[in-house]
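Only one structure is covered here, and it is reproduced in the block below.
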Amino acid sequence: MTLTTLPDVPPCSRTRAAVGRMIIRRALDRLPLQVKMGPEGLLGQGGPAMAVHDPAAFERRITAGGLIGFGESYVAGEWDARDPVAVLTVLAGHVAALVPAPLQRLRGLWAARQPAERRNTRSGSRTNVEWHYDLSNELFAEFLDPTMTYSSAVFRALPAGAAELPAAQHRKIDMLLDLAGVGPDTRLLEIGTGWGELALRAARRGARVVTLTLSREQRELAMRRIAAAGVADRVEVRLCDYRDAHGWYDAIVSVEMIEAVGVEYWPVYFRALDRLLEPGGRVALQAITMPHERMLATKDTYTWIQKYIFPGGMLPSVRVVEEMAREHTGLRVVRCEGYGAHYAQTLRLWRERFAERSERVAELGFDERFRRMWTFYLAYCEAGFASGYLDVHQFLLTGGEGGGR
């Protein structure tokens, strides 16, 4: 997908437009922002600045689509900010202020629901993965570091520069491999290959690796990278759904893949971990998380990032990981550490690189709206971690009963 389509600015009845305008302006006027609404003046209590170039279109989109409309309005160029991360960080930290309390209590009636076609059935998961990860290996190479690692790094110190990102990604991978006890002749299963860096790093430790992906683009490049590293004899890259995986493994590692599983399939995912793990084995997960109460409030609603970036995705809470393990497996979480500030830093470096490489991204065939969409996506995620709305955790699970035996 190189050309980005957006819905037209939705029509509104005069009454609905007036009510929407009143709610939106009242909410913005209470926030620590400087909001320039066209030539009409300023709203907000001071802080990061945003400029709304087309107030009528901006208000109609938000009236019709809520926060989805807010993101669509940015992609359409109806509002801008010199520092979109700062603006989005304020919004992430004041989510409750954006929707009046009576409407929050009726969220289930007005909020958009996730489309049925985005369910993570086997065929739905393939389609959802293709939507994002099969866009173009060349696109991802433009903003990722040479390790081609698309998950949170762990830095020695914050803030960090771009030159530190490859080592920080290796540090993260090594932490997960250490957590899982991966060493010579370990039979390792990786669920979610990415572009192969973890698998080849595990193979260099002497492990025998089976790694699963649903992305044909990722699999092709991962296999080339693994072969170039001289470890193809120790790594098998399978185009395979985790539900169809077979065998028994001493260790399982899965990095930021649970977010793509979907709420209804979380129990299936954890049962698969238990089924595939040898007794006494170890599971190391890295997962983006959100506070449990916010997760419960939003798990059935449709968001901008689900519509345009990660269809079918849903972030768990730490409590969800613990409950899924306890209720559906013989596994238990025995260690959990958070690194949210490191993800904010990782995303900043990706976003800056994406901006620097904008012309090259255009040459790859990605239009201006796509580039604005991805700028908003990276800034939106960075703001989530910077505000504490999101976090990222590494989990160690042990105690499986080897259900596949």
> Taking the stated definitions as given, is residue 43 touching a residue at least 60 places away in the same chain (Cβ under 8 Å), of a type in the set (A, V, I, L, M, F, W, C) and touching an Asp or Glu at 6+ places or on another chain (Cβ under 7 Å)?
Replying inline: no
> Here are 344, 383, 379: which of them is free of Cβ contacts under 8 Å to residues at least 60 places away in the same chain and in the same structural domain as residue 161 (by TED's automatic domain parsing)?
Replying inline: 344
> Looking at 141, 199, 116, 203, which is the one that is within 24 Å of residue 392 (Cα to Cα), over 18 Å from the mean Cα position of the chain (by Cα) and not aromatic (Phe, Trp, Tyr)?
Replying inline: 199
> Which one is surrounded by the fewest Cβ atoms within 10 Å (Cβ to Cβ) among residues in segment 270-305 that are touching a residue at least 40 places away in the same chain (Cβ under 8 Å) and of a type in the set (Ser, Thr, Tyr)?
Replying inline: 301
> Identify, please: which residue in segment 244-272 is more than 21 Å from the chain's Cα centre (by Cα) and outside any strand (DSSP E or B) and is, among those, farthest from residue 201 (Cα to Cα)?
Replying inline: 271
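Residue by residue, here is whether (1) buried (at least 22 other Cβ atoms within 10 Å of the Cβ); (2) modelled with pLDDT of 95 or more holds:
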position	(1), (2)
36	no, yes
42	no, no
58	yes, yes
63	no, no
77	no, yes
80	no, yes
93	no, no
> Residues of segment 154-178 being touching a Phe, Trp or Tyr at 6+ places or on another chain (Cβ under 7 Å) and under 20 Å from residue 251 (Cβ atoms), which ones?
Replying inline: 154
> Looking at (1) assigned to a loop (DSSP other than H, G, I, E, B); (2) touching a residue at least 60 places away in the same chain (Cβ under 8 Å); (3) closer than 20 Å to residue 305 by Cα, which is the only condition residue 91 fails?
Replying inline: (1)
> What is the one condition in (1) of a type in the set (Val, Ile, Thr); (2) out of contact with any strand residue (DSSP E or B) (no Cβ under 7 Å at 6 or more places or on another chain); (3) farther than 22 Å from residue 189 by Cα; (4) modelled with pLDDT of 95 or more that residue 318 does not satisfy?
Replying inline: (2)
> What number of residues within segment 116-160 are free of Cβ contacts under 8 Å to residues at least 24 places away in the same chain and part of a loop (DSSP other than H, G, I, E, B)?
Replying inline: 4
>> Given the options 25, 16, 61, name the one that is assigned to a helix (DSSP H, G or I) and either in contact (Cβ under 8 Å) with a residue 60 or more places away in the chain or touching a Ser or Thr at 6+ places or on another chain (Cβ under 6 Å) (or both).
In response: 61
> Taking the condition touching a residue at least 40 places away in the same chain (Cβ under 8 Å) and surrounded by fewer than 22 Cβ atoms within 10 Å (Cβ to Cβ), does residue 328 pass?
Replying inline: yes
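The values are calculated or read from the model by the stated rules, or taken from the named source; none is laboratory data. In this text the structure is predicted, and so the values were computed from the model without any measurement. FYI the Cβ positions are ideal-geometry reconstructions off the backbone, even for glycines, and counts take in every protein chain you see.
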